[in-house]
Amino acid sequence: MVERSKTLPPCCKRFVLSVQEEMKKNRIAGFTFIELLIALAIMVTAFTLVFTIFSGSVSAWRRGTETMTKLHHGDFVMEQLVQSLRSMAFFDSVPEFYEFRLDKGSAGGNPADRMSWVTSSSALMPLDSEFTEGLKRVSVGIGRTPRDGYGVEVRVMPHLVDEEDAEYDAWFVSTRVRGLRSRIYDDEDGRWMERWEETNSIPSLIEITLFVEEDGDPYAPPLLMRRAVTIPIAPAVTNRVDFAEEAP
């Protein structure tokens with residue numbers, strides 16, 4: 001009997017080798033179920049980190065935009081106040097008609113002082129106002145808006161009329177500024193005064209603090225903006241002024 005050969009024919013051997021080689025390639029190129037789970041977990045983690053960073057960036061951008069909006073409203077009101085105050089007029093011949101007046105008050109949990117002075121500036125007034133030219137008495141304070149909110153209310157009248165008896169329409173410069181605090185510097189005592197007791201005169205230095213709140217959220221902490229305004233026609237301040245004290 002002829003013994004069976006243990007070796008395959010060359011043609012079969014080449015076929016078997018090619019099949020084995022193809023199986024090896026598929027085994028190397030493929031992924032197991034565990035490998036797929038690990039890759040999926042890494043991808044989910046990466047997307048979570050990217051979303052967290054993006055969400056934080058958007059929130060920071062929104063907060064920055066809201067702050068800039070509040071600053072814009074506060075800056076506008078402050079610049080208008082400074083321009084009008086620095087154009088204050090006063091004549092010794094009839095001081096009772098040109099005196100500076102300050103009334104203290106509060107509204108909506110914020111200071112709501114009201115100031116009144118005679119000025120030649122057209123600041124704080126609409127373009128079609130009859131008082132844009134010449135001298136006029138300007139009264140600025142915090143008033144209640146038609147929507148039961150608070151805002152900077154302005155009223156203008158002829159400077160030689162009695163302010164208490166004058167009936168002139170008021171308008172709101174900003175409803176985002178809901179608090180106003182005024183202090184007068186006493187050069188003799190070297191300190192800030194909450195009240196202005198002097199009559200028939202004008203102060204040399206006025207501190208204005210605006211309380212700017214986020215629209216629609218009256219309970220949010222207000223943003224405080226403070227400026228000291230010198231009055232050019234008043235006597236110059238000779239003492240060193242301390243601005244360290246904070247408004248409540």
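The values are calculated or read from the model by the stated rules, or taken from the named source; none is laboratory data. Note that the structure is a prediction, hence the values are computed from the model and not measured. Cβ atoms come from the backbone with ideal geometry, glycine included; neighbour counts cover every protein chain shown.
A single entry from LEU135, LEU127, LEU102 fulfils the requirement of being at pLDDT below 90 and among the aliphatic types (A, V, I, L, M): LEU127. The residues of the stretch 95-129 that are free of Cβ contacts under 8 Å to residues at least 12 places away in the same chain and farther than 24 Å from GLU213 by Cβ, listed by number, are SER122, LEU127, ASP128.
Filtering ARG183, ARG195, ARG178 for residues that are part of a loop (DSSP other than H, G, I, E, B), more than 17 Å from GLN83 (Cα to Cα) and out of contact with any His (no Cβ under 8 Å at 6 or more places or on another chain) leaves a single hit, ARG195. Taking the criterion of being surrounded by fewer than 18 Cβ atoms within 10 Å (Cβ to Cβ) and more than 23 Å from the chain's Cα centre (by Cα), the residues of the stretch 166-185 that qualify are ALA166, GLU167, TYR168, ASP169, ALA170. Residues being among the β-branched types (Val, Ile, Thr) and either within 14 Å of MET125 (Cα to Cα) or free of Cβ contacts under 8 Å to residues at least 24 places away in the same chain (or both): count how many of those fall in the stretch 138-170. So the answer is 5. Any residue at all in the stretch 91-98 that is touching a strand residue (DSSP E or B) at 6+ places or on another chain (Cβ under 9 Å), at positive phi and surrounded by 16 or more Cβ atoms within 10 Å (Cβ to Cβ)? No, the stretch 91-98 has no match at all. When you scan the stretch 116-138, how many residues do you find that are more than 11 Å from PRO158 (Cα to Cα), among the hydroxyl-bearing types (Ser, Thr, Tyr) and in contact with a helix residue (DSSP H, G or I) (Cβ under 8 Å, 6 or more places away or on another chain)? Number of matching residues: 1.
Number of residues in the stretch 198-216 that are touching a helix residue (DSSP H, G or I) at 6+ places or on another chain (Cβ under 8 Å) and part of a strand (DSSP E or B): the value is 4. The residues on offer are ARG181, ARG86, ARG144, ARG176, and the sole one that is modelled with pLDDT of 90 or more, farther than 23 Å from VAL241 by Cβ and basic (Lys, Arg) is ARG144. Please pick out the residue among ARG137, ARG101 that is within 20 Å of GLU194 (Cα to Cα) and touching a Ser or Thr at 6+ places or on another chain (Cβ under 7 Å). Result: ARG101 is the single residue among ARG137, ARG101 that is within 20 Å of GLU194 (Cα to Cα) and touching a Ser or Thr at 6+ places or on another chain (Cβ under 7 Å).
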